[in-house]
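**Student:** Quick one: structure below, then a few questions.
The values are calculated or read from the model by the stated rules, or taken from the named source; none is laboratory data. Since this is a predicted model, take the numbers as computed values, not measurements. Glycine gets a Cβ as well: all are built from the backbone with ideal geometry, and neighbour counts include every protein chain shown.
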Amino acid sequence: MLILAKSALAMMIGFILSVTFGYFLIKLLKKIKVKQTISVYIEKKHEKKKDTPTMGGFIFIIPTIVTSIILLCMNKMEFSENLLIVLFVFILYALLGFIDDFLIIKRHKNEGLTEIQKLVGQILIALGFFYIFMKAGNEPYLNIYTLNLKIDMGWFYGIFLLFVLVASSNAVNLTDGLDGLAGGLSAIAFLAFGIISWGSTGIQGYSDIAIFCFILVGSLLGFLVYNTHPAKIMMGDMGSLSLGGALASIAIITSHEITLIIVAGVFVIETLVSIIQQISIIYFHKKVFLMAPLHHHFEKLGWEETDIVKLFWTVGLILNMAAITFSVWL
């Protein structure tokens with residue numbers, strides 16, 4: 001019961017702060033004209049979103065950090081090296097996304113950091129994560145709990161962690177294309193990892209990681225009050241990169257890197273569709289999908305935006321229920 005009470009308190013504080021902060025932030029962003037820039041390749045129906053404020057990541061990033069501090073001061077959660085690592089990734093990926101969003105707003109066109117600059121930034125943060133993670137006494141093992149396997153990856157483990165962090169942050173970033181899509185899927189994913197973290201005995205600060213997940217779930221639900229269709233604010237790169245980075249870091253810390261593939265299943269599918277589309281265009285000069293990522297393919301088929309989001313949320317929920325079952329129960 002104590003676990004449920006802590007989880008409920010974390011989500012409640014995160015939600016209340018997020019909704020309250022979002023109400024005033026949207027007014028401020030509209031006043032200083034921080035507007036969304038729409039890519040020329042996106043569906044024409046999205047043109048009406050060009051005046052929608054962006055940098056909505058602030059709505060769940062700031063409340064999550066503030067709520068964590070509040071609970072730490074109340075002695076409702078303890079500070080650990082693992083929590084420090086997650087916050088390190090969460091904040092730095094948010095900062096990288098903020099720089100990208102700021103440049104797009106400043107230039108009044110959909111050109112922020114170049115792909116190379118963004119990738120270099122992601123890799124540098126991932127290297128910082130790997131250094132702190134290994135200094136904390138963690139070992140280079142890949143655990144596959146369902147098969148009861150523990151694989152010593154040696155020096156290759158560092159490359160593997162870099163790939164997981166960079167791939168996860170980019171996957172959430174790619175999925176952030178429809179109102180409420182990435183935010184809803186992220187809330188479901190962090191809810192799953194919150195439950196999985198409670199069951200991940202044997203790692204330092206596992207309860208604090210779980211509480212952090214539930215705080216973020218509450219903050220994301222508050223963000224969705226303003227981000228679901230029709231969105232009053234967009235997440236922006238600062239939001240999507242921070243969510244992807246935090247998701248990957250929690251998976252690594254709780255030794256559930258393989259589970260992340262299922263938890264982030266929709267994000268993975270969206271990314272694979274984009275990769276397949278690019279390879280097909282470059283080498284075969286033809287499209288496999290009407291448009292990538294996958295949510296835009298459904299739009300081209302004539303689906304309504306809200307129907308696509310509901311379908312993707314449902315698939316994400318089913319995948320996360322399966323991930324929880326295999327990771328905690330079976």
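**Student:** Being within 23 Å of the chain's Cα centre (by Cα), modelled with pLDDT of 85 or more and part of a loop (DSSP other than H, G, I, E, B) is the requirement here; does F60 meet it?
**Tutor:** So F60 does not fit the description; no.
**Student:** A follow-up question, please. Give the residues of the stretch 71-128 that are out of contact with any strand residue (DSSP E or B) (no Cβ under 9 Å at 6 or more places or on another chain), in a loop (DSSP other than H, G, I, E, B) and either closer than 20 Å to M235 by Cα or of a type in the set (S, T, Y) (or both), sorted by residue number.
**Tutor:** Across the stretch 71-128, the qualifying residues are S80, K109, N110, E111, G112, L113, T114.
**Student:** Further question on the same structure: Which of (1) surrounded by fewer than 24 Cβ atoms within 10 Å (Cβ to Cβ); (2) touching a residue at least 60 places away in the same chain (Cβ under 8 Å) does L185 not meet, given it meets every other one?
**Tutor:** (1)
**Student:** Moving to a separate point now. Can you list residue pairs whose Cβ atoms sit under 7 Å apart, with the first residue in the stretch 133-160 being without any contact (Cβ under 8 Å) to a residue 40 or more places away in the chain and closer than 22 Å to N82 by Cβ and the second being among the acidic types (D, E) and not in a loop (DSSP other than H, G, I, E, B)? Count only pairs 6 or more apart in sequence or on different chains.
**Tutor:** P140/D152
**Student:** Which is surrounded by fewer than 20 Cβ atoms within 10 Å (Cβ to Cβ) and either under 18 Å from A94 (Cα atoms) or within 15 Å of the chain's Cα centre (by Cα) (or both), of L178, L142, L162, L147?
**Tutor:** Step by step, each of L178, L142, L162, L147 is checked, and only L162 is surrounded by fewer than 20 Cβ atoms within 10 Å (Cβ to Cβ) and either under 18 Å from A94 (Cα atoms) or within 15 Å of the chain's Cα centre (by Cα) (or both).
**Student:** Could you check, for the stretch 228-237, whether at least one of its residues is within 13 Å of V19 (Cα to Cα) and either in contact with a Pro (Cβ under 7 Å, 6 or more places away or on another chain) or not hydroxyl-bearing (S, T, Y) (or both)?
**Tutor:** yes
**Student:** A further question on this structure: Taking only pairs six or more apart or across chains, which ones have beta-carbon atoms under 8 Å, a first residue in the stretch 24-43 that is more than 17 Å from H296 (Cβ to Cβ), and a second residue that is at pLDDT 90 or above and among the aliphatic types (A, V, I, L, M)?
**Tutor:** Going by the 8 Å Cβ cut-off, the qualifying pairs are L25/I59; L25/I233; I26/I233; L29/M55; L29/I233; V34/M55.
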